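Heads up: the structure comes next, in structure tokens.
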Amino acid sequence: MKKNIAEIIDVSNEIYDKGLVSGKSGNISARFGNVVAITPTLKSLSNLCEEDIVLVDMDGNVLTKGKPSSEVNMHLEIYKKRSDVNAIVHTHSPYATGFAFSNKKLKRLEGFGPIVTPYLQSIGYEKPGSDELAKNASEGLGKEDVLILKNHGVICVSDCLKEAMLLAVFVEETAKTQFITLMLNSVEDNY
């Protein structure tokens with residue numbers, strides 16, 4: 001378990017360093033059988049230590065010291081509905097979250113699996129940490145690997161933590177590319 005917790009800390013540092021989360025936002029979890037290791041509430045993902053990672057069972061009972069992320073129920077609901085998911089990375093990355101706050105949809109681009117639908121799946125706004133968000137996010141994700149939370153952020157899921165993190169990075173890069181494209185297409189050529 002120590003190795004798995006170390007990986008959560010490494011991924012937390014990496015997504016913080018890449019600017020996919022800032023301040024005390026975002027959360028990460030990984031499932032190991034019937035136990036979920038999750039980042040704590042009200043702590044920055046930048047410098048976590050082993051004691052900060054909280055273990056909970058699938059009913060949300062805390063098994064260690066500390067307080068899990070306020071989004072713990074959202075993570076648990078996703079795990080309960082998706083046996084293929086063992087890792088969740090929830091970011092507030094600026095470009096992708098910018099799309100989440102806009103009326104623009106984020107296109108699904110090549111580079112991270114086949115394009116089955118033209119846009120990334122999204123759900124309407126629900127208060128962070130609420131039971132409604134947990135329910136709607138787990139249902140809205142369906143069989144997808146990314147979910148845009150309107151006026152909130154992004155959820156990326158995978159069977160392993162590194163893949164979920166790489167997907168979060170890819171989603172942010174996709175959002176940057178689409179933002180730049182939208183800006184360039186809105187400028188008139190004066191040649």
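On inspection, Y119 does not qualify as of a type outside the set (V, I, T) and either within 16 Å of the chain's Cα centre (by Cα) or on the phi > 0 side of the Ramachandran plot (or both). Taking the range 60-104 as the range and being free of Cβ contacts under 8 Å to residues at least 12 places away in the same chain and under 24 Å from G142 (Cβ atoms) as the test, the residues that pass are S83, S102, N103. Among the strands (runs of 3 or more DSSP E) confined to the range 15-80, the ones with at least 2 residues that are open to solvent by 20 Å² or more (accessible area, probe 1.4 Å) are located at 27-32, 54-57. D145 satisfies every condition listed in (1) charged (D, E, K, R); (2) over 22 Å from I15 (Cβ atoms); (3) at pLDDT below 95 except (2).
The values are calculated or read from the model by the stated rules, or taken from the named source; none is laboratory data. All values derive from a computational prediction rather than experimental measurement. Here the Cβ is made from the backbone with ideal geometry for all residues, glycine too, and neighbour counts use every protein chain on show. Areas reflect the complete protein model, heavy atoms only, side chains present, ligands, DNA and RNA absent. Shrake-Rupley method; radii C 1.70, N 1.55, O 1.52, S 1.80 Å.
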